[in-house]
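The block underneath contains the structure these notes are about, expressed in structure tokens.
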Amino acid sequence: MPRRKKGIRLWLRRARRDRDGHRRQATWIIFDGARHIPTGCAATEVAAAEEKLAAYIASRYQPSRKERDIELIDVADVLSVYEADCGSRQAKRKQFDARLERLDDFWGARKLAGITGESCREYVRVRGSAGGARRDLEDLRAAINHHAKEGLHRGIVRVALPARGIPRTRWLTRKEVAVLLRVCWRTREVQTVHRGPQKGEKIATDKRPLRHLACFILIGLYSGTRAAAIATASPIRSDSRSFVDLDNGIFYRLPQGKVATKKRQPPIPIPPRLLAHLRRWVAKGIVREHFVEWHGQGVQSVKTAFKTAARLAKLAGNVTPHTLRHTAATWLMQAGVDKWEAAGFLGMSVEMLDRVYGHHHPNHLRVAAHAIGYGRRRQSLAETLAGDRTRRPLSSQHTDIVGGPGRTRTSNQTVMSGRL
């Protein structure tokens with residue numbers, strides 16, 4: 001009778017001497033049939049070895065890709081299929097994996113049929129943040145929809161999302177922008193002296209650690225582009241970069257080789273003032289391969305530098321790099337730009353623009369405010385009330401002939417002249 005396989009397991013390899021006579025300490029090994037996978041964990045590191053075993057089993061596990069009822073499918077399988085099929089398309093893979101890990105910790109052992117409104121509200125309570133829970137549950141909904149499109153389950157599963165939070169509408173005035181740019185351009189790096197007679201003193205150097213942020217701010221304000229596209233903006237056409245065509249004045253915001261997503265990034269004409277800045281920076285060698293560079297290299301993020309600049313500029317409220325996009329949208333609305341044209345320039349829907357920024361438009365609800373005081377015939381309320389009164393006929397006045405033909409005056413004029 002053949003021996004029954006024991007499956008994947010841990011095995012403690014005893015201490016031994018190798019061929020050269022060196023002593024090898026006891027370590028944990030993962031047995032997977034004929035394969036021996038070292039864990040690098042000593043005999044006393046049992047917990048670490050078990051974690052390595054769990055990770056190895058998870059990597060070897062392949063969920064079933066056959067159509068089944070939702071009562072028989074684990075949520076962990078749905079998340080695994082979604083990660084395998086769609087994980088490579090995620091722009092921020094690290095955050096994506098963290099969200100799936102949180103979902104797996106809560107839902108992994110449950111069946112797909114167990115996703116109900118009550119269980120979703122329970123997840124919101126456990127998560128502790130309604131906004132963060134909503135983002136996680138959006139991924140769960142996307143995973144379920146992908147699983148259904150692949151034809152892997154029968155039945156309808158609905159994910160109940162918490163209400164959207166209040167949108168962040170913090171925008172900058174032109175005075176605040178001027179202060180922010182001044183801080184970015186003039187701030188010097190401060191260093192502490194560690195030796196010599198000035199030991200312990202802080203002195204300002206000639207280094208300008210925030211000047212690269214001034215370029216970022218100007219591009220964000222004049223184009224309303226998202227931070228990621230600004231960071232990759234380049235005067236050189238290349239893969240994974242947003243190309244800025246300085247000759248024709250066009251900003252191709254979608255990086256080459258990237259697939260377009262729901263976050264629209266259409267090409268736009270560069271505003272004349274911004275185009276003059278960009279051409280000057282390239283001509284003087286201020287920028288080389290990227291318009292936002294730190295020590296000659298492109299940046300991944302400006303969150304830390306932007307936070308420092310906002311603090312030095314003493315800007316109130318939560319001011320982030322995305323605030324520049326809010327500011328651009330607000331300025332367009334305040335300037336009276338057509339909503340359809342402004343939405344196309346910013347790369348958002350007209351509905352989104354009207355819902356979040358429409359109240360900044362100078363003509364917002366002005367027609368309604370004017371129409372409420374008039375009827376269909378454009379007659380004011382005061383004129384309507386006055387029209388209900390009975391008009392008294394004009395009394396005929398006595399005409400007095402004074403001085404012969406052609407010279408007459410009314411009785412009132414006669415009285416005023418003193419003749420009567």
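The values are calculated or read from the model by the stated rules, or taken from the named source; none is laboratory data. Quick caveat, the model's predicted, so the values are computed rather than measured. Cβ sites come from the backbone with ideal geometry, for glycine too, and all protein chains shown count toward neighbours. For the accessible areas, the whole protein counts, side chains as well, though only heavy atoms, and no ligand, DNA or RNA atoms are used. Shrake-Rupley method; radii C 1.70, N 1.55, O 1.52, S 1.80 Å.
Could you list, in sequence order, all residues of the range 136-164 that are in a helix (DSSP H, G or I) and either surrounded by fewer than 13 Cβ atoms within 10 Å (Cβ to Cβ) or of a type in the set (Asp, Glu) (or both)?
Listed by number, the residues that qualify are Asp136, Glu138, Asp139, Lys149.
Go through the range 245-289 and report how many residues are within 15 Å of Ile219 (Cα to Cα), modelled with pLDDT under 90 and hydroxyl-bearing (Ser, Thr, Tyr).
Matching residues across the range 245-289 total 0.
For the range 331-338, state whether one or more residues are in a helix (DSSP H, G or I) and within 17 Å of Gln265 (Cα to Cα).
No - not one qualifying residue is present in the range 331-338.
Find all pairs meeting these conditions: Cβ atoms under 7 angstrom apart; at least six residues apart or on different chains; first residue within the range 57-75 and farther than 23 Å from Leu137 by Cβ; second residue assigned to a helix (DSSP H, G or I) and at pLDDT 85 or above.
From residues that are farther than 23 Å from Leu137 by Cβ, the pairs are Ser64/Asp77.
Could you tell me which of the residues Val81, Val126 is β-branched (Val, Ile, Thr) and within 30 Å of Leu10 (Cα to Cα)?
Val81
Tell me, please, whether a residue that is of a type in the set (A, V, I, L, M), part of a loop (DSSP other than H, G, I, E, B) and at pLDDT below 95 can be found in the range 165-177.
For the range 165-177, residues of a type in the set (A, V, I, L, M), part of a loop (DSSP other than H, G, I, E, B) and at pLDDT below 95: present.
Given the structure, is Ala133 out of contact with any Lys or Arg (no Cβ under 6 Å at 6 or more places or on another chain), more than 30 Å from Leu210 (Cα to Cα), modelled with pLDDT of 90 or more and open to solvent by less than 30 Å² (accessible area, probe 1.4 Å)?
No.
Taking the range 57-112 as the search range and keeping residues that are over 16 Å from Gly155 (Cα atoms) and touching a His at 6+ places or on another chain (Cβ under 8 Å), which one is most open to solvent (accessible area, probe 1.4 Å)?
Asp85
For residues in the range 105-117 being assigned to a helix (DSSP H, G or I) and of a type in the set (A, V, I, L, M), which is nearest to Ile73 (Cα to Cα)?
Of everything passing the filter in the range 105-117, Leu112 is nearest to Ile73 (Cα to Cα).
Being in contact with an Asp or Glu (Cβ under 6 Å, 6 or more places away or on another chain), farther than 26 Å from Gly257 by Cα and open to solvent by 50 Å² or more (accessible area, probe 1.4 Å) is the requirement here; does Arg125 meet it?
Answer is no for this residue.
Can you tell me which residue within the range 328-346, out of those that are in contact with a helix residue (DSSP H, G or I) (Cβ under 6 Å, 6 or more places away or on another chain) and of a type outside the set (A, V, I, L, M, F, W, C), is surrounded by the most Cβ atoms within 10 Å (Cβ to Cβ)?
Step by step, filter the range 328-346, then rank; the result is Thr330.
Table: residues versus (1) outside any loop (DSSP other than H, G, I, E, B); (2) in contact with a strand residue (DSSP E or B) (Cβ under 7 Å, 6 or more places away or on another chain); (3) modelled with pLDDT under 85.
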position	(1), (2), (3)
Lys6	no, no, yes
Ile29	yes, yes, yes
Ala54	yes, no, yes
Gln95	yes, no, no
Leu103	yes, no, no
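Looking at (1) under 28 Å from Arg170 (Cα atoms); (2) out of contact with any Ser or Thr (no Cβ under 9 Å at 6 or more places or on another chain); (3) part of a loop (DSSP other than H, G, I, E, B), can you tell me which one Ile286 breaks?
Ile286 satisfies all of (1) under 28 Å from Arg170 (Cα atoms); (2) out of contact with any Ser or Thr (no Cβ under 9 Å at 6 or more places or on another chain); (3) part of a loop (DSSP other than H, G, I, E, B) except (1).
Could you tell me whether the range 56-73 includes any residue that is within 27 Å of Glu122 (Cα to Cα), at pLDDT 85 or above, part of a helix (DSSP H, G or I) and under 33 Å from the mean Cα position of the chain (by Cα)?
No, that holds for no residue.
Could you go through the range 172-179 and let me know if any residue there is surrounded by 12 or more Cβ atoms within 10 Å (Cβ to Cβ) and under 28 Å from Lys92 (Cα atoms).
yes
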